[in-house]
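Each remark here refers to the structure printed beneath this line.
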Amino acid sequence: MSDLDSLNTLEAEILGSIGAASDEAALEAVRVAALGKKGSVSEKMKTLGGMDPEQRRTVGPALNALRDRVAAAIAEKKAAIADAALEARLASEKLDVSLPVRESPLETGRIHPVSQVTDELVAIFSAMGFSVAEGPDIETDDLNFTKLNFPVGHPAREMHDTFFLPEKENGERLLLRTHTSPVQIRTMQSQEPPIRVICPGRTYRFDMDQTHTPMFHQVEGLVIDRDAHLGHLKWVLEEFLKTFFEVPSVELRFRPSFFPFTEPSMEVDVRCRKLPNEIRIGEGDDWLEILGCGMVHPNVLRNCGLDPDVWQGFAWGIGIDRIAMLKYGMPDLRDLFGADARWLAHYGFRPLDFPTLAGGLSS
Ligand code: DAH
């Protein structure tokens, strides 16, 4: 084969490999195999030195031209591969800007009204100098009843429809707390007075109808000081209810009642207007019972190691679910715990609209 024929064969081979290279790496391998230091074209270049001048004059320019054509073919193929890659990327990353934007969980998620109202209570009472105290849902009989001045065998215990846990070997019977009042005891046992706390949380009673669920929520309030009296209690409750219901004023009616842990004990009604599908607080000629309260019973103080001749205080308990229903117009208590996303979408609150006194509780 003549020199030029063998160059033609080499060029055809290299151009074939260039054509077959499907990506940048394969093309680079072809380039190195042809034009690299030990590539087939470079090896040919090295043979020029050993040729006689006549031969070199024909082979030299032919080889140079071959090298240039190969280099140009590689450059062209490289650009084609890059173009194809860009095309593929554009096709795969195509974005239809006319599609509707999907909302983030922060937009679609909703805060449950019970959580919202609990946050509202915390905002209101922390502005009045109260802190939040908590206790466990599973409670001892002693803290749920005995320390709260429910003597063993006293009929007031029966009013609570208690869920008891199976009796332990030592005869102790734990229970699901029937009210948040045991947190009063825990607080007085663990903190030095003066005390100002609210205790929101879950409570449990064996009861189920439109206005009762086996699990519900209460918030307890407790103030212990040397001179805390009923006038303070009345002011705290008025201030709280007015702020909570976001009305200019409320009128309260205190009726004598009975709770083992307070003396005197009172039930509180708030003035309202009862409309067919709505109850408006702070106006009208109707009364709605809303909470229980009283002065902490001396026995309860004593049970917590406080001297009733030095310390006195007041307490109250209120149903969170009930005031949530009243404020936000939810007719059936059971819906609050139905876990229906449609209900939550309707009655729930936006996650970032955190209630504050300055920014508005419910807006
Ligand atoms: N623990 C009571 C209940 O669940 C509510 C209550 C009434 C709490 C009067 C109090 C209070 O602290 O003073 O029925």
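Structure notes:
- Take the conditions (1) touching a residue at least 60 places away in the same chain (Cβ under 8 Å); (2) of a type outside the set (Val, Ile, Thr); (3) open to solvent by 60 Å² or more (accessible area, probe 1.4 Å); (4) not in a strand (DSSP E or B); ARG196 misses just one of them, which is (4).
- Breaking point among (1) open to solvent by less than 20 Å² (accessible area, probe 1.4 Å); (2) outside any strand (DSSP E or B); (3) of a type in the set (Val, Ile, Thr), for VAL310: (1)
- ARG177 fulfils the conditions (1) closer than 30 Å to ARG350 by Cβ; (2) buried (at least 16 other Cβ atoms within 10 Å of the Cβ) except for a single criterion, (1).
- Scanning region 164-193 for residues that are in contact with a Leu (Cβ under 7 Å, 6 or more places away or on another chain) and assigned to a helix (DSSP H, G or I) turns up PRO182, GLN184, ILE185, ARG186, THR187, MET188.
Results for (1) assigned to a strand (DSSP E or B); (2) in the same structural domain as ALA228 (by TED's automatic domain parsing); (3) more than 12 Å from the ligand (Cβ to nearest atom), shown as yes or no for each residue.
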position	(1), (2), (3)
PRO248	no, yes, yes
PRO256	yes, yes, yes
GLU263	yes, yes, no
ILE279	yes, yes, yes
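- Flag if SER92 is loosely packed, with under 13 Cβ neighbours inside 10 Å and either basic (Lys, Arg) or within 46 Å of the chain's Cα centre (by Cα) (or both): yes
- Here VAL296 fulfils each of the conditions (1) surrounded by fewer than 18 Cβ atoms within 10 Å (Cβ to Cβ); (2) within 16 Å of the ligand (Cβ to nearest atom) apart from (1).
- Residue among LEU121, LEU48, LEU148, LEU63 that is in contact with a helix residue (DSSP H, G or I) (Cβ under 8 Å, 6 or more places away or on another chain), modelled with pLDDT of 95 or more and farther than 30 Å from PHE349 by Cα: LEU148
The values are calculated or read from the model by the stated rules, or taken from the named source; none is laboratory data. What you see is a predicted model; the values in this text were computed from it and never measured. Heads up, the Cβs are rebuilt from the backbone with ideal geometry, glycines too, and the neighbour counts pull from every protein chain shown. With ligands, DNA and RNA removed, areas are computed over all heavy atoms of the protein, side chains included. Shrake-Rupley method; radii C 1.70, N 1.55, O 1.52, S 1.80 Å.
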